[in-house]
Each structure stands twice: as structure tokens, then as C-alpha cells.
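Following: one structure in C-alpha cells, then a few remarks.
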Amino acid sequence: MAKPLFIFTITVCILFNVTVSPQSPTLTAAHTELIKYGFPVGLLPTNILSYNLNHTSGDFVVKLGDTCRITLPPDNYRATYSKTITGKIVENRIAEVDGIGVRAFFRWWGITGIRSNGQDLTFEVGYITKSFPSKNFDQSPECEGQRSSS
């Protein structure tokens, strides 16, 4: 009698956890690397196909399934990601970024760098910078106008 009750209890607990727990998106290698270097996962969208990082130089290449448009919080800036994003990453700093643009002041600007101090992210567009709370990027965004693959 005790053995079937134990199995029933375990089964109920597993089913309860599956149905009640919110589904968290699977982190890709690129998202995991962002965390290792002091950045939140929300700097990259969810549609990553591949990621390559040279751990010696910090050079990276991120390949997306398609171009991607998102709206950046909290000020609702429009951003675009090219199919290929490149740059150089070291702890708390991403430099030489190519492939990410943001719309501000009625035109598109290329983001050239991103710095993190843990609390804030500072985006660089040439010599111009703008800071946002890091918590705004805790979740990886889905590209707008595209269906989720889940």
C-alpha cells in the first residue's frame, strides 16, 4: 500500500510542477555567455541560430534566423538586429558592435558598444551614450511580427 501511494504522490508533484511553473525559455550559448561577461540575456533576441566566440580575443559572431525588430524598454525605442551581429566582448563591455541599430531623433543609428555596471547598461552610438536599468533586459525579447517557435 505504501509503495503505490508514494508513486502516486511523486506523480502528482511532477504534474503539479509541470502545469503550474512558468515556462522559462531555453538559454542559448550566446545568452549564457552574456551572463558570464556581466550582461543580461535580453540584449539578444530569442531567434539565435548559432554563436561563435573566440575566448582569447573576445571576437564574437551571432547568427539569427532572420532580421529582427524589437521595442526597447522603457522609452520604446525601435531596434533592429541584422541576421549577423559581430563585436568584441570582455567583462562588462561589448565593443565594435555591428548589426544592431536603434531609431532615435527620426533616424536609424548603429549601436557601437554596450557597457554594464551591474545596475545599468550604457549603450553607445558613436560618442553619444544613453543608460537604462539592466533589469529592463532580464528577458530575451521575441522579434516583433514573427511567430514563436514554441
Checklist outcome for this item: For residue 67 and residue 36, extending 7 Å from Cα along the Cα-Cβ vector and measuring point to point gives, in nm, a value of 3.2 nm
Checklist entry - Of the listed peptides 34-44, 96-106, what is their order by residue-averaged count of other C-beta atoms within 10 Å, with the highest listed first? => result 34-44, 96-106
Checklist entry - residue 77 to residue 127: extension gain in nm, 0.36 nm per residue of separation minus the Cα-Cα distance? => result 16.2 nm
Next on the checklist: Just to check I understand the Karplus step: with θ = phi - 60° and J = 6.51 cos²θ - 1.76 cosθ + 1.60, what whole-Hz values come out for segment 56-67, glycine and proline as x?
Outcome noted: 7, 8, x, 5, 9, 9, 10, 10, 9, x, 6, 4
Checklist entry - Just how large is the dipole of segment 29-137 about the Cα centre, in debye to the nearest 20, putting +1 at every Lys and Arg Cβ and -1 at every Asp and Glu Cβ? => result 260 debye
Checklist outcome for this item: HN-Hα couplings for segment 91-99 via Karplus (6.51, -1.76, 1.60; θ = phi - 60°), in whole Hz with x for Gly/Pro, come out as 4, 6, 8, 10, 10, 6, 5, 9, x
Next on the checklist: If packing is taken as the average number of other Cβ atoms within 10 Å across a peptide's residues, how do 53-59, 122-128, 137-143 rank, most packed first?
Outcome noted: 137-143, 122-128, 53-59
Checklist entry - If you look at just the Cα atoms of segment 29-137, how large are its Rg and its Dmax in Å? => result 12.8, 39
Item to check | Computed E for residue 27/residue 105 - FRET, C-beta separation, R0 35 angstrom, nearest 0.05 | outcome: 0.55
Item to check | Residue-span extension gain [residue 90 to residue 56] - 0.36 nm each, minus C-alpha spacing | outcome: 11.2 nm
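Read-outs: derived from the displayed coordinates by stated rules, not from any lab. Everything quoted here is computed from the prediction, not taken from an experiment. For neighbour counting, all protein chains shown are included, and Cβ atoms are generated from backbone atoms with ideal geometry for every residue, glycine included.
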